[in-house]
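The values are calculated or read from the model by the stated rules, or taken from the named source; none is laboratory data. The model shown is predicted, which means the values in this text are computed figures rather than measured ones. Here the Cβ is made from the backbone with ideal geometry for all residues, glycine too, and neighbour counts use every protein chain on show.
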Amino acid sequence: MEILIKNGNIINPDNSQILDILIQNGHIAQVGKNLKVAVSQTRVIDASDRYIFPGGIDPHVHLHLPTPAGFSSDDFYSGSRAALFGGTTTLIDFVTPHRGQSLVDALVERKAEAASSLIATYFHVSPVEWRDSTADEILECVHEYGIKSFKCYMAYKNNIGLDDDDLFKVMLVVGKAGGLVMLHCEDGDAIERLRHQYAQREMPAAKAHLMSRPPELEAEAVKTAIALAKKAKCPIYIVHVSSLLSLAHIKEAQKNGQQVYAETCPQYLLLDKSKYDLDFEKAAAFVMSPPLRTTTDNEALWEALAKGSIATVGTDHCPFMLKQKMVGKSDFRKIPNGAGGIEHRLALLFSYGYLKNKINLQRFVDLTSTRASQIFGLFPQKGILAEGANADLLIWNPKTANIISSQSHHQNCDLNIYEGFPTIGHPEIVIADGKIRIENGKLI
């Protein structure tokens, strides 16, 4: 079926225009004024007084992630469903092999796990060790499977993290292959020492989590990663930046011409460390790594979004049920780290970014879709409303009022870190691959 969208305010990262969009065979066939219906079966939608956004691209999600407390509570079906309701039409998840497993074998397994996803799903691959075959496996991922990005952890060194020497080896191979290294930047060795120390003290579990992962140890890892990447001549993408201290190193590297991209998440823009003062049953929902910071950090991140130092906003979506979080009540080290947000990213940025005059609509589109598509090799098929692009787009009502609640959200979780947050605006119609997937609050 063809779809003709008329009179919508089309928002791209560099302009906005009131035009029509004709969708055929899963792609945008025409963009222009007064487009005509081509066939009798064409669905005509009047989008007057609505914005048309490119479908959201969330470059950082963890669906069906195994942990000692069980899998993260959203699998690929429920997570992609929640994404659609929030206006996200493309996800990028992770391949995390167990030690001794081939990166390629792990990628094939992960793709099979993602078969239930309702939307386009891509992957970053994580080298969790350096073996004699690792370089060849990286190259096979690049050349045979089209993988562009490889995520390395500077924390969690007892299972998936890399030391600096092995991280540098990965950067050398990935950089030469034309790829990019994503980085979870925390000084893992120092954090483990602090975690052990705080585990011996009698203090609330959530507070101990906060104290064991100070912003200085995030910033120190960011500094180290930037230095290694410069030496290896490898582009890097630093995930979930949470602190003003980290931003200083990122801005300096960018000023010096180094290819350093940064991502933050809505939780680091809108929530702060006071959440860890709540009773455990409430505070545990906010246990994530890195932890929430201060309101000063919040404001610094907003400023970086507006000025371009931060390229994207992902969610690090990794929700857990309360009963899973409760596993760590007596030992904060056992609390599964993560929270949900895949459904709320666009509404939160629209409400607390655009409507609060912190970012304009073009920047909103850039942060939620376009830059991720460019950085991770999906552009111009995704991330823009232009002839020839994939027909992934949203018809956004900018005036509807909503309240975020675990009682009404679509993610598979009984917790929501944005519980009670009022938002303005929502996607009335979500189109993915040329098909209407959400309409009138229902999954089609």
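Determine if segment 329-346 includes at least one residue that is among the aliphatic types (A, V, I, L, M) and farther than 22 Å from Glu186 by Cβ. Outline the logic, then answer.
If we filter segment 329-346 for residues that are among the aliphatic types (A, V, I, L, M), which is where we start, we get 335, 339, 342, 346.
Of the ones still in play, those that are also farther than 22 Å from Glu186 by Cβ are 342, 346.
Within segment 329-346, one or more residues are among the aliphatic types (A, V, I, L, M) and farther than 22 Å from Glu186 by Cβ.
Pick out the one residue from Leu245, Leu172, Leu228 that is over 29 Å from Gly340 (Cα atoms), at pLDDT 95 or above, touching an Asp or Glu at 6+ places or on another chain (Cβ under 9 Å) and not basic (Lys, Arg). If you could, list the steps in order and put the result at the bottom.
Numbers: Leu245 fails: over 29 Å from Gly340 (Cα atoms); Leu172 fails: touching an Asp or Glu at 6+ places or on another chain (Cβ under 9 Å).
Leu228 is the lone residue from the list that is over 29 Å from Gly340 (Cα atoms), at pLDDT 95 or above, touching an Asp or Glu at 6+ places or on another chain (Cβ under 9 Å) and not basic (Lys, Arg).
Could you list, in sequence order, all residues of segment 220-245 that are over 23 Å from Gly175 (Cα atoms) and in a helix (DSSP H, G or I)? Before the answer, list the steps.
Looking only at segment 220-245, we keep the residues that are over 23 Å from Gly175 (Cα atoms), and these are 242-245.
Residues satisfying the conditions are Leu244, Leu245.
Residues being within 16 Å of Ala120 (Cβ to Cβ) and of a type outside the set (A, V, I, L, M): count how many of those fall in segment 383-406. Lay out the reasoning, then the answer.
At the first step, the residues of segment 383-406 found to be within 16 Å of Ala120 (Cβ to Cβ) are 383-384, 389-394.
Filter again for of a type outside the set (A, V, I, L, M), leaving 383, 390, 392.
Qualifying residue count, segment 383-406: 3.
Looking only at residues in segment 56-81 that are outside any loop (DSSP other than H, G, I, E, B) and among the hydrophobic types (A, V, I, L, M, F, W, C), which one is farthest from Arg333 (Cα to Cα)?
Residues of segment 56-81 outside any loop (DSSP other than H, G, I, E, B): 56-58, 61, 76-81.
Still in the running and among the hydrophobic types (A, V, I, L, M, F, W, C): 57, 61, 76.
Numbers: Ile57: 32, Val61: 22, Phe76: 27 Å.
The selected residue is Ile57.
Quick grid of which residues meet (1) out of contact with any Ser or Thr (no Cβ under 8 Å at 6 or more places or on another chain); (2) modelled with pLDDT of 95 or more; (3) not charged (D, E, K, R):
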residue	(1), (2), (3)
Ala347	no, yes, yes
Ser351	no, yes, yes
Lys356	yes, yes, no
Phe379	no, yes, yes
Ile384	no, yes, yes
Gly388	yes, yes, yes
Glu419	no, yes, no
Ile424	no, yes, yes
Lys435	yes, yes, no
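Tell me yes or no: at least one residue of segment 254-276 is of a type in the set (Asp, Glu), surrounded by fewer than 16 Cβ atoms within 10 Å (Cβ to Cβ) and modelled with pLDDT of 95 or more.
no
Which residues, counting only those in segment 229-238, are among the hydrophobic types (A, V, I, L, M, F, W, C) and surrounded by fewer than 22 Cβ atoms within 10 Å (Cβ to Cβ)? Talk me through it step by step, then tell me what you get.
Quick first cut of segment 229-238, residues among the hydrophobic types (A, V, I, L, M, F, W, C) only: 229, 232, 234, 236, 238.
Passing the criteria: only Ala232.
Here's a check for you: in segment 97-113, which residue that is touching a helix residue (DSSP H, G or I) at 6+ places or on another chain (Cβ under 7 Å) and surrounded by fewer than 21 Cβ atoms within 10 Å (Cβ to Cβ) is farthest from His344 (Cα to Cα)?
In the first step, residues of segment 97-113 are kept if they are touching a helix residue (DSSP H, G or I) at 6+ places or on another chain (Cβ under 7 Å); the result is 97, 102-104, 107, 113.
From the residues that got through so far, the ones that are surrounded by fewer than 21 Cβ atoms within 10 Å (Cβ to Cβ) too are 102, 104, 107, 113.
Details: Ser102: 35, Val104: 33, Leu107: 28, Glu113: 24 Å.
This residue is Ser102.
Keeping to segment 30-53, report how many residues are outside any loop (DSSP other than H, G, I, E, B), hydrophobic (A, V, I, L, M, F, W, C) and closer than 22 Å to Asp366 by Cα. Steps first, please.
Narrowing segment 30-53 to residues outside any loop (DSSP other than H, G, I, E, B): 30-32, 43-46, 51-53.
Subsequent filtering for residues that are hydrophobic (A, V, I, L, M, F, W, C) retains 31, 44-45, 52-53.
Among the residues that remain, those that are also closer than 22 Å to Asp366 by Cα are: 31, 52-53.
Of the residues in that region, 3 qualify.
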